[in-house]
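The values are calculated or read from the model by the stated rules, or taken from the named source; none is laboratory data. It should be emphasised that the depicted structure is a prediction, and the values quoted were computed from it without experimental measurement. Cβ: placed from backbone, ideal geometry, glycine included. Neighbour counts: every protein chain shown.
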Amino acid sequence: MVLPKMIRDEDPRAYQAADEAGALSKVPRVTFAFWVVKILATTLGETGGDALSMTLKLGYAESTLIFLAFFLCTLFAQVKSRHYHPVFYWAVVVATTTVGTTTSDYFDRTLGLGYVKSSIILLCVVIALLAAWRYSTGAIRVDQITARKDEVFYWVTILVSNTLGTALGDFVATTTGLGFERGSLLFAGLIALVALAHYFTSLPGSVLFWAAYVLTRPLGATLGDTLTKPPAEGGLGLGRIPSSLVIAVAMIILIAVTSLRKRASTQRLGPD
């Protein structure tokens, strides 16, 4: 968690101690920059997943297997790392969004479950995972992941929640008839409500975190479709591959800037 500014100003040593404790965690702090990168990652997952399955015409099943292999490789690097590494962490997040995109499309279209049934099934799985996590470890952690069991629950929940978010985004944009742009506004509004609940209610932080995490996926899905779908279907027609490359570059720049700022802050608070 990020300490209040007053504490940082009055007791920089306490802030440094919190930073040292956070260094043991294998996930980043949940800050505004975290959510911006997460939305970019989910948008990239939508455009990248569609680029492989549709633009390159590999199909949903084949694309799912390719992205699943990518997910397993990046997850292996993340699990083997002894501390938070931004490249490993965000590579896994992007991998879960691409797997989620193609898996959701496979459930909805190839298996014929439809958006409603698949969304309900996936929502039940997310709730079951969170309940099992709470029962197994005693707490649902979001920004202090140090134990292997917490890490396993963390990434499995992210994988399923991103798949759920894809199905929700497609349901709102197509089945309800809202379209991609209005769907994006709807999910952005819901995320804003979650943010308000964080500041003005006593709801558990872990519950709000996972609610926002699920909602950022359909926001990314609808944003991705807004960018890439042809104008006749309510999109901007920018193309899946060019959009994916631009979003990837934006992610890299933001992650690099955030990491450099954190390193500079740590050095300033270091021993004289």
Could you tell me whether the range 76-85 includes any residue that is under 23 Å from G165 (Cα atoms), in contact with a Lys or Arg (Cβ under 6 Å, 6 or more places away or on another chain), touching a residue at least 12 places away in the same chain (Cβ under 8 Å) and not charged (D, E, K, R)?
-> no
Which pairs have Cβ atoms under 8 Å, sit 6 or more apart or on different chains, and link a residue in the range 212-231 that is charged (D, E, K, R) and surrounded by fewer than 23 Cβ atoms within 10 Å (Cβ to Cβ) to one that is outside any helix (DSSP H, G or I) and modelled with pLDDT under 85?
-> K229/G235; K229/L236; K229/G237
Does S118 fit the bill of being without any contact (Cβ under 8 Å) to a residue 40 or more places away in the chain, surrounded by 19 or more Cβ atoms within 10 Å (Cβ to Cβ) and not aliphatic (A, V, I, L, M)?
-> no
Residue in the range 72-94 that is part of a helix (DSSP H, G or I) and at pLDDT below 85 present = no
Would you check if V207 is modelled with pLDDT of 85 or more, surrounded by 17 or more Cβ atoms within 10 Å (Cβ to Cβ), β-branched (V, I, T) and closer than 18 Å to K38 by Cβ?
-> no
Among the residues of the range 173-190, write down those that are free of Cβ contacts under 8 Å to residues at least 60 places away in the same chain and surrounded by fewer than 23 Cβ atoms within 10 Å (Cβ to Cβ).
-> T174, T176, G177, L178, G179, E181, R182, L185, L186, A188, G189, L190
Failed item, numbered, when L111 is tested on (1) farther than 23 Å from V207 by Cα; (2) in contact (Cβ under 8 Å) with a residue 24 or more places away in the chain; (3) of a type outside the set (S, T, Y) = (2)
For the range 43-63, indicate whether the set of residues that are more than 30 Å from E181 (Cβ to Cβ) and at pLDDT below 85 is non-empty.
-> yes
Which of the residues that make up the range 108-135 are among the hydrophobic types (A, V, I, L, M, F, W, C) and touching a Phe, Trp or Tyr at 6+ places or on another chain (Cβ under 9 Å)?
-> L113, V116, I121, L122, V126, L129, L130, A132, W133
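Quick grid of which residues meet (1) in contact with a Leu (Cβ under 8 Å, 6 or more places away or on another chain); (2) farther than 23 Å from I39 by Cβ; (3) exposed (fewer than 15 other Cβ atoms within 10 Å of the Cβ); (4) of a type in the set (K, R):
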site: A61; (1), (2), (3), (4): no, yes, yes, no
site: I66; (1), (2), (3), (4): yes, yes, no, no
site: L72; (1), (2), (3), (4): no, yes, yes, no
site: R82; (1), (2), (3), (4): no, yes, yes, yes
site: A95; (1), (2), (3), (4): yes, no, no, no
site: T101; (1), (2), (3), (4): no, no, no, no
site: G138; (1), (2), (3), (4): no, yes, yes, no
Can you name every residue in the range 235-265 that is assigned to a helix (DSSP H, G or I), of a type in the set (G, A, S) and at pLDDT below 85?
-> S259, A264, S265
Any chance V156 is of a type in the set (A, V, I, L, M, F, W, C) and at pLDDT 90 or above = yes
